[in-house]
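The values are calculated or read from the model by the stated rules, or taken from the named source; none is laboratory data. Because the structure is a prediction, the values reported are computed rather than measured. FYI the Cβ positions are ideal-geometry reconstructions off the backbone, even for glycines, and counts take in every protein chain you see.
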Amino acid sequence: MAYQIAVMAGDGIGTEVIAEAIKVLRKAADRFGLQVELREGLVGGVAYERRGHPLPPETLKLARESQAILFGAVGGGQWDHLPLHLRPEAAILGLRKELGLFANLRPCTTHPSLLGRSPLRSEVIGSGIDLIVVRELTGGLYFGQPKGAQVYDGADRVVDTLAYTDEEITRILRLAFDLALTRKGRLCSVDKANVLATGRRWRELATAIGSHEYPSVDLSHLYVDNCAMQLVINPAQFDVVVTENTFGDILSDISAVLPGSIGLLPSASVGAEGVALYEPVHGSAPDIAGQNKANPLATILCVAMMLQHSFGHQEAAHAVEAAVARVLDAGYRTGDLHQPGCELVGTDRMGDLVANAI
Ligand code: NAD
């Protein structure tokens, strides 16, 4: 049976990078005999223009009927004046909420030929890093109630609430333990147990699940402030990092700069219902949109994540990753990574090169 994939290109460079990712997906599907059925959905600013909403009902229906969503990027200055619920970015939050996507997986891997692009000194980045940040996505400070302005003891104040149920904590911890079992078997659980009650509970639950259910995983704990430092001074120590929503937002962005360009980083958002959403970490980059300058590798690497996590095709996933590595090794670079001695290529040529390398 064919794998059902919803394709939501969105705005700006979203359409350009998605076109290249589809090229690569089709090539990998041919090579490994996989049947894929791609159906397009309008999302973001373009959906607002044509349907009056950034996440129209037919796009949500398409998402629900699919096993995986390949998402480009949304947003652009022309929609910044809209109320929050109509802005293109509301589509992302809507998909997360409606599909119950409670975990965000952000791999951060350096490529040997790009080590010199890392903002870290060569002795710190060493021979490279291969870590993944697992961020809780639907709980914590961003969603806790009460939220907003209130009067307390006669004074005006604003409130955000950091709340987690045991179930919210344990489901993301188990997902991270399972992921560690497929990698190097190390899990670092990050909290603020020295100050926050939610942090203490997080640590208790991580310890209990680790010892009862995953004794073979090497579990460690770090306070979030120390983890931020460790990511910068010794990132190679990490395999899987798991943490709550706000901490994950910040730590995943610290790790995102380590490989050298935002154009290299894929991500996946997964939930209990089976459908997962794959999107590059970058936005719609209006400054380079329509100029064939965008790096499509983040979105192409989303295809590899999809093949692995949604469809369980390790071989096809590795073939896509290996094709990206071969093209970079051969010295082809989009503008964001260009350096003397390398060949500058546009978005479409980069996609062709990777597809041909599969
Ligand atoms: P951005 O990620 O779009 O761009 C930041 C910088 O990185 C820009 O200089 C851009 O040219 C560059 N860049 C980004 N992706 C690149 C790629 N693949 N190749 C080469 N260079 C790349 O972030 P921004 O400028 O803060 O936001 C632009 C718009 O995107 C805003 O409307 C924002 O809300 C939206 N946004 C959307 C998402 C998403 O769809 N998930 C994420 C972040 C921002």
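The table below gives the values:
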read-out: Filter result for the condition that a residue is hydrophobic (A, V, I, L, M, F, W, C), within 16 Å of the ligand (Cβ to nearest atom), outside any helix (DSSP H, G or I) and crowded, with 24+ Cβ neighbours inside 10 Å, over Ala294, Ala289; value: Ala294
read-out: Answer residue from region 249-286, given it is among the small types (Gly, Ala, Ser), over 13 Å from the mean Cα position of the chain (by Cα) and within 7 Å of the ligand (Cβ to nearest atom) and is surrounded by the fewest Cβ atoms within 10 Å (Cβ to Cβ) among those; value: Ser261
read-out: For Cys342: the one exception among (1) surrounded by fewer than 21 Cβ atoms within 10 Å (Cβ to Cβ); (2) more than 11 Å from the ligand (Cβ to nearest atom); (3) in contact (Cβ under 8 Å) with a residue 12 or more places away in the chain; value: (3)
read-out: Ser216, sole failed condition from (1) under 24 Å from Ile300 (Cβ atoms); (2) touching a Gly at 6+ places or on another chain (Cβ under 7 Å); value: (1)
read-out: Verdict on Arg200 being within 19 Å of Asn226 (Cβ to Cβ), outside the structural domain of Thr59 (by TED's automatic domain parsing) and modelled with pLDDT of 95 or more; value: yes
read-out: Test result for Val303, crowded, with 17+ Cβ neighbours inside 10 Å and within 18 Å of Arg117 (Cβ to Cβ); value: no
read-out: Selection status of Pro119, assigned to a loop (DSSP other than H, G, I, E, B) and not assigned by TED's automatic domain parsing to the domain that holds Asp287; value: yes
read-out: Condition check for Leu328: touching a residue at least 40 places away in the same chain (Cβ under 8 Å) and closer than 25 Å to Gly75 by Cβ; value: no
read-out: All positions within region 92-110 that are without any contact (Cβ under 8 Å) to a residue 60 or more places away in the chain and in contact with a Pro (Cβ under 8 Å, 6 or more places away or on another chain); value: Gly94
read-out: Which numbered condition Val320 fails, given (1) of a type outside the set (Asp, Glu); (2) assigned to a helix (DSSP H, G or I); (3) free of Cβ contacts under 8 Å to residues at least 24 places away in the same chain; value: (3)
read-out: Pairs, first in the same structural domain as Gly76 (by TED's automatic domain parsing) in region 262-288, second within 15 Å of the ligand (Cβ to nearest atom) and basic (Lys, Arg), C-beta under 8 Å, six or more apart; value: Leu265/Arg106; Ser267/Arg106; Ser269/Arg96; Leu277/Arg96; Val281/Arg106
read-out: Some residue of region 101-108 being out of contact with any strand residue (DSSP E or B) (no Cβ under 6 Å at 6 or more places or on another chain) and either part of a helix (DSSP H, G or I) or not assigned by TED's automatic domain parsing to the domain that holds Ser310 (or both); value: no
read-out: Of residues in region 64-89 being in contact (Cβ under 8 Å) with a residue 60 or more places away in the chain and out of contact with any helix residue (DSSP H, G or I) (no Cβ under 6 Å at 6 or more places or on another chain), the one nearest to the ligand (Cβ to nearest atom); value: Gly75
read-out: Condition check for Glu315: more than 21 Å from Leu101 (Cβ to Cβ), away from the ligand (no atom under 13 Å from the Cβ) and surrounded by fewer than 19 Cβ atoms within 10 Å (Cβ to Cβ); value: yes
read-out: Residue in region 300-310 that is over 23 Å from Ile233 (Cα atoms) and among the β-branched types (Val, Ile, Thr) present; value: yes
read-out: Residue count, region 334-350 (criterion: part of a helix (DSSP H, G or I) and within 20 Å of Pro259 (Cα to Cα)); value: 5
read-out: Failed item in (1) free of Cβ contacts under 8 Å to residues at least 12 places away in the same chain; (2) part of a helix (DSSP H, G or I), with Val124 passing the rest; value: (1)
read-out: So His313, is it modelled with pLDDT under 95 and either aromatic (Phe, Trp, Tyr) or out of contact with any Gly (no Cβ under 8 Å at 6 or more places or on another chain) (or both); value: no
read-out: Single residue of Leu328, Leu344, Leu307, Leu337 found to be more than 27 Å from Leu179 (Cβ to Cβ) and touching a His at 6+ places or on another chain (Cβ under 7 Å); value: Leu344
read-out: Answer residue from region 9-19, given it is more than 10 Å from the ligand (Cβ to nearest atom) and crowded, with 22+ Cβ neighbours inside 10 Å and is nearest to Leu60 (Cα to Cα) among those; value: Ala9
